[in-house]
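Below is one structure, written out as structure tokens, with a few remarks after it.
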Amino acid sequence: MQLKKIAPFVLVVMLTGCGGSDDGGSGSGSGSGSGEDVAPATTNVSAALRSLLRSPHFYELKGSFSSNANQSLTGTLAIAPGPTQTLQGVSFESSLVAINFINVPGDSAFWPPIKKTYWEYPGTVRFRSSVNPNFYCTYYTSATEPRSAALGASGFYFSGDNYQGECSDPDNLGISLGIDSGTWSYSVIDGTPFVCINNYHYSPFSPGAVSQSICAQVVDTNGTLGEKVLVKLTTLYAETIRLANY
């Protein structure tokens with residue numbers, strides 16, 4: 001899986017293709033919201049992420065942000081299969097993910113949607129910017145998420161370096177524009193077992209790192225999804241936003 005930043009607040013992530021059945025439905029509602037859910041000792045991370053990203057889902061979310069815990073926040077998480085893509089002669093699937101903010105403090109212009117496209121593409125690849133191929137390029141390396149991971153486990157998902165230039169000379173890549181990286185994780189959060197995609201972006205021209213995590217509840221060792229989802233965002237200025245449907 002690889003990730004490519006193609007516009008402000010827009011990230012492109014590669015999802016390695018693995019087996020596992022899709023749950024085939026859309027998710028909404030609040031879940032139980034009380035007590036603790038049974039956490040399988042292991043789960044199929046690959047199947048869980050494929051079910052999350054390769055089936056349509058729509059979740060209504062609510063939450064808060066760290067600088068003002070009393071200020072409520074609402075939003076949505078929408079996921080849908082995207083078009084087939086072709087890169088370097090290889091065709092692969094894509095998925096479209098959008099996080100939208102609805103009830104926000106202050107000017108809504110400061111809360112643009114966060115959009116991601118997940119691609120199924122293996123290995124290491126060089127991308128050139130679709131906007132300006134002679135100015136911006138990226139190198140990415142991906143890994144395959146496990147079919148069986150123990151509770152509390154996490155692992156490498158992708159990494160990439162962004163450069164100014166066309167990356168035609170590997171020994172002279174130019175000015176670094178930042179680093180994108182990602183992990184998968186399987187852990188208990190708020191008493192619920194979640195499989196998460198965790199994305200991180202750092203730029204030397206920005207005051208801090210940006211991170212986004214999208215987490216889906218799993219209910220068994222096969223990676224079957226439950227009803228709960230959790231979204232966590234950290235901004236450049238260390239503001240933490242938390243949205244969930246439970």
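Some values worked out for this structure:
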read-out	value
Residue within the stretch 8-17 that is in a strand (DSSP E or B), at pLDDT below 50, surrounded by fewer than 18 Cβ atoms within 10 Å (Cβ to Cβ) and out of contact with any Asp or Glu (no Cβ under 7 Å at 6 or more places or on another chain) present	yes
Residues that are open to solvent by 40 Å² or more (accessible area, probe 1.4 Å), outside any loop (DSSP other than H, G, I, E, B) and of a type outside the set (D, E, K, R), drawn from the stretch 44-63	Phe58
Of all residues making up the stretch 187-214, the number that are buried (at least 18 other Cβ atoms within 10 Å of the Cβ) and under 15 Å from Asp37 (Cα atoms)	4
Hits in the stretch 171-202 - residues which are touching a strand residue (DSSP E or B) at 6+ places or on another chain (Cβ under 6 Å) and not in a strand (DSSP E or B)	Leu173, Gly174, Ile175
Residue count, the stretch 39-58 (criterion: hydrophobic (A, V, I, L, M, F, W, C) and modelled with pLDDT under 90)	1
Of the criteria (1) of a type outside the set (D, E, K, R); (2) at pLDDT 85 or above; (3) open to solvent by 50 Å² or more (accessible area, probe 1.4 Å), which one Gln71 fails	(2)
Filter pass, Ser32 being part of a loop (DSSP other than H, G, I, E, B), at pLDDT below 65, open to solvent by 30 Å² or more (accessible area, probe 1.4 Å) and over 24 Å from Trp184 (Cα atoms)	yes
Top-ranked residue in the stretch 169-213 [being touching a helix residue (DSSP H, G or I) at 6+ places or on another chain (Cβ under 9 Å) and closer than 26 Å to Cys137 by Cα; ranked as modelled with the lowest pLDDT]	Ile197
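Residues checked against (1) in a loop (DSSP other than H, G, I, E, B); (2) open to solvent by less than 30 Å² (accessible area, probe 1.4 Å); (3) out of contact with any Gly (no Cβ under 8 Å at 6 or more places or on another chain); (4) at pLDDT 95 or above:
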| residue | (1), (2), (3), (4) |
| --- | --- |
| Asp220 | yes, no, yes, yes |
| Leu230 | no, yes, yes, yes |
| Tyr237 | yes, no, no, no |
| Tyr246 | yes, no, no, yes |
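The values are calculated or read from the model by the stated rules, or taken from the named source; none is laboratory data. Keep in mind it's a predicted model, so treat the numbers as computed, not measured. Positions of Cβ are generated from backbone atoms using ideal geometry, with glycine treated the same way; all protein chains shown enter the neighbour counts. Remember, those area values only see protein heavy atoms, side chains included, never the ligands or the DNA or RNA. Shrake-Rupley method; radii C 1.70, N 1.55, O 1.52, S 1.80 Å.
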